[in-house]
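S.K.: Below: one structure in structure tokens.
The values are calculated or read from the model by the stated rules, or taken from the named source; none is laboratory data. Keep in mind it's a predicted model, so treat the numbers as computed, not measured. Cβ sites come from the backbone with ideal geometry, for glycine too, and all protein chains shown count toward neighbours.
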Amino acid sequence: MNWEPLLLTLKLALTTTLVLLLVSLPLAAWLSKSRSPLKSVVDTLVSMPLVLPPTVIGFYFLIAFSPSNAFGQWLDEHLGIQLVFSFPGLVLASVLYSLPFMVHPIQAGLRSLPPSLAEASYILGKDRLTTFFRVLLPNIRPALFTGLVLSFAHTVGEFGVVLMIGGSIPGVSRVASIAIYEEVETMNYAAAHTYSLILFGLSFAILLSVNLINGGILKRYWR
Amino acid sequence: MMHVQLNKSLHGPEGDFELAVDLQLESGTFLGIHGASGAGKTSLLRMIAGLMPPDSGRLEINGVPWLETSGKAMPPQKRNVGFLFQDYALFPHLTVLGNLEFAANSPSDKDRIPELLRTMELEKLQHSMPGVLSGGQQQRVALARALVRQPRILLLDEPLSALDAPIRRRLQDYLGKIHREYRTTTIMVSHDPSELHRLADRVVELRAGKIVEDRALDQGSGEIPLPKAALKASGRILEIELEGKEVLLRIDTGAQTIRISLPATEAKSLKPGQNITFQASIDTIKILNNP
């Protein structure tokens, strides 16, 4: 039994979720407040991965960052960054691909708070950043939790994007979903079963925990 | 002294209108604002607090400009006002004590918290979360929280409108008590004139953004038990006479001329023509005739 694909999946999902959190907090905060005409455009772009085939994202990613292109070449020569067929590239593509799963819950959570909450904090002398971290975020914990878990789970379930830009390099881009595909291709059903069952169990456990925690059943035990 | 001069185009239930308010307010005044909904009452408070920018105007508190349309407006964080929202706006993730501590920006603010909890009778509730409190209790917490920083101005935006009559009455007593104790300049918006008549010493009516009535009220008359009653009035010094070690001030309050004697050493900064407010404790009131 080769655990590497599963460990790689977990590593990718954890890294992606962390990066997503850092990117999504300011983005969701801006989207939840902005009245700029740019907002609809950004909102739409964030939602695109929901409807777009992952292969489309992978394809454009491939074109944009391929070392045979001007931009990809520049990144390679000047910064030593290779985003195609590499783990950092996989993280970047996964971040784009799972963006709505993190941004939307946080955005909805922030919008559900009454404006007087932030205003009361301003009037009590607290600046925007303090207000955001000490008043707004603690009051959208369920939304934050949903965003974290869904992004993680969605990244675990990634296939098309990884296949397009990562290929199947063991230890670099051969995540569990790719490994399953390859095991089936080579008629190695036993291995495919093991990976599949573990992914199934993991996803079930993750989603169940979201439902239980946000449904309030676990609130007594989890604070 | 507070000078409010604000203009803003607003959308009301009967179309757009122009809010244009020019108010001078003595320090320590309890000003009541009433008027139909959509008259611009809340907008006026929000502009004073810095939560809403006016189209043009000036705001000056004790000689400090808070807002001049030509220059930069002072942000709400720097204004040090207390604001009571209609929905209380307590932080749901913090306890009663946590809400008050959040407001404290200095050690002296923090020292004030136990006293405020006592005054507002919240000591037993201090470790409760706001979600489990009744509306009246929540508004008491909000009032205590607004007072932690000893605001220069207390702005009350229909703070009692969501409460039923008996609790309303008790909260009114709290507001009156707080105002007597801290003498904070207070502006309270309400659609209920009788509530304002109980508390305010001056009441204005706002109609479609304009002040249509401005009345000084005689607060506290007719109340017989007077453990802590105070006389508060304002007027212009007409004359200062020296009588030995005492001086006698003659003050025109608009309604009457009043004489006050005080030690000459304390009266050095007083000059005829100055507008002043003065306060005295009253121990008895005699009813001279019943109409």
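S.K.: Identify, please: which residue in the range B:233-265 is loosely packed, with under 10 Cβ neighbours inside 10 Å and of a type outside the set (Asp, Glu) and is, among those, farthest from B:GLY28 (Cα to Cα)?
M.R.: B:GLY244
S.K.: Moving on. In the range B:20-52, what residues are more than 14 Å from every other protein chain (Cβ to nearest Cβ) and farther than 27 Å from B:LYS232 by Cβ?
M.R.: Once the filter is applied, which keeps residues that are more than 14 Å from every other protein chain (Cβ to nearest Cβ) and farther than 27 Å from B:LYS232 by Cβ, the range B:20-52 yields B:ALA20, B:ALA36, B:SER37, B:GLY38, B:ALA39, B:GLY40.
S.K.: A follow-up question, please. Based on what the data block shows, is B:SER27 outside any loop (DSSP other than H, G, I, E, B), of a type in the set (Ser, Thr, Tyr) and more than 21 Å from A:TYR122 (Cβ to Cβ)?
M.R.: No: the conditions fail for B:SER27.
S.K.: Here is a further query. If you go through the range B:91-99 one residue at a time, do you hit one that is in a helix (DSSP H, G or I), surrounded by 20 or more Cβ atoms within 10 Å (Cβ to Cβ) and either modelled with pLDDT of 90 or more or in contact with a Ser or Thr (Cβ under 7 Å, 6 or more places away or on another chain) (or both)?
M.R.: The answer is yes, given that some residue of the range B:91-99 is in a helix (DSSP H, G or I), surrounded by 20 or more Cβ atoms within 10 Å (Cβ to Cβ) and either modelled with pLDDT of 90 or more or in contact with a Ser or Thr (Cβ under 7 Å, 6 or more places away or on another chain) (or both).
S.K.: Still on this structure, please answer the following. Where residues in the range B:13-52 are over 15 Å from the mean Cα position of the chain (by Cα) and surrounded by fewer than 14 Cβ atoms within 10 Å (Cβ to Cβ), which of them is nearest to B:LEU175 (Cα to Cα)?
M.R.: B:SER37
S.K.: I've got another one for you. Restricting attention to the range B:171-222, which residues are at pLDDT 85 or above, among the charged types (D, E, K, R) and more than 24 Å from B:ALA144 (Cβ to Cβ)?
M.R.: B:ARG202, B:GLU205, B:ARG207, B:LYS210, B:GLU213, B:ASP214
S.K.: Right, next: The conditions are (1) at pLDDT below 90; (2) away from chain A (no Cβ under 14 Å); (3) under 26 Å from B:PRO76 (Cα atoms), and B:GLN150 fails exactly one of them. Which is it?
M.R.: Of (1) at pLDDT below 90; (2) away from chain A (no Cβ under 14 Å); (3) under 26 Å from B:PRO76 (Cα atoms), only one is false for B:GLN150: (2).
S.K.: Let me ask something else. So, in the range A:112-128, exactly how many residues are aliphatic (A, V, I, L, M) and either surrounded by fewer than 17 Cβ atoms within 10 Å (Cβ to Cβ) or part of a loop (DSSP other than H, G, I, E, B) (or both)?
M.R.: Qualifying residue count, the range A:112-128: 2.
S.K.: Something else now. Give me a count of the residues in the range B:53-81 that are surrounded by fewer than 19 Cβ atoms within 10 Å (Cβ to Cβ), within 14 Å of chain A (Cβ to nearest Cβ) and either part of a strand (DSSP E or B) or aliphatic (A, V, I, L, M) (or both).
M.R.: Qualifying residue count, the range B:53-81: 2.
S.K.: Find the residue count for the range B:120-135, including only residues that are part of a helix (DSSP H, G or I) and surrounded by 18 or more Cβ atoms within 10 Å (Cβ to Cβ).
M.R.: Looking only at that region, the number is 2.
S.K.: Can you tell me which of (1) charged (D, E, K, R); (2) outside any helix (DSSP H, G or I); (3) surrounded by 14 or more Cβ atoms within 10 Å (Cβ to Cβ); (4) away from chain A (no Cβ under 13 Å) is the one B:ARG112 doesn't meet?
M.R.: (2)
Let's see how each residue does on (1) more than 28 Å from A:SER116 (Cα to Cα); (2) surrounded by 17 or more Cβ atoms within 10 Å (Cβ to Cβ); (3) in contact with a Gly (Cβ under 8 Å, 6 or more places away or on another chain); (4) not aromatic (Phe, Trp, Tyr):
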| residue | (1), (2), (3), (4) |
| --- | --- |
| A:THR130 | no, no, no, yes |
| A:PRO138 | no, no, no, yes |
| A:LEU148 | no, yes, no, yes |
| A:ALA153 | yes, yes, no, yes |
| A:VAL156 | yes, yes, no, yes |
| A:MET164 | yes, yes, yes, yes |
| A:GLU183 | yes, yes, no, yes |
| A:MET187 | yes, no, no, yes |
| A:SER209 | yes, no, no, yes |
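S.K.: Of these, B:HIS93, B:HIS127, which one is within 24 Å of A:PHE132 (Cα to Cα) and more than 14 Å from every other protein chain (Cβ to nearest Cβ)?
M.R.: Sole residue among the options that is within 24 Å of A:PHE132 (Cα to Cα) and more than 14 Å from every other protein chain (Cβ to nearest Cβ): B:HIS127.
S.K.: When you check B:GLY136 against the structure, is it at pLDDT 95 or above and either within 23 Å of B:LEU175 (Cα to Cα) or away from every other protein chain (no Cβ under 11 Å) (or both), yes or no?
M.R.: So B:GLY136 fails the test.
S.K.: Okay, next question. Of the residues that sit in the range B:100-109 and are more than 8 Å from chain A (Cβ to nearest Cβ) and in contact (Cβ under 8 Å) with a residue 12 or more places away in the chain, which one is surrounded by the fewest Cβ atoms within 10 Å (Cβ to Cβ)?
M.R.: Residue satisfying both the conditions and the ranking: B:GLU101.
S.K.: Go through the residues of the range A:153-163 one by one and say whether even a single one is of a type in the set (A, V, I, L, M) and within 14 Å of another protein chain (Cβ to nearest Cβ).
M.R.: No, the range A:153-163 contains no residue that is of a type in the set (A, V, I, L, M) and within 14 Å of another protein chain (Cβ to nearest Cβ).
S.K.: Taking A:PRO88 as meeting all but one of (1) surrounded by fewer than 18 Cβ atoms within 10 Å (Cβ to Cβ); (2) within 19 Å of the chain's Cα centre (by Cα); (3) within 14 Å of another protein chain (Cβ to nearest Cβ), write down the number of the exception.
M.R.: Here A:PRO88 clears every test but (3).
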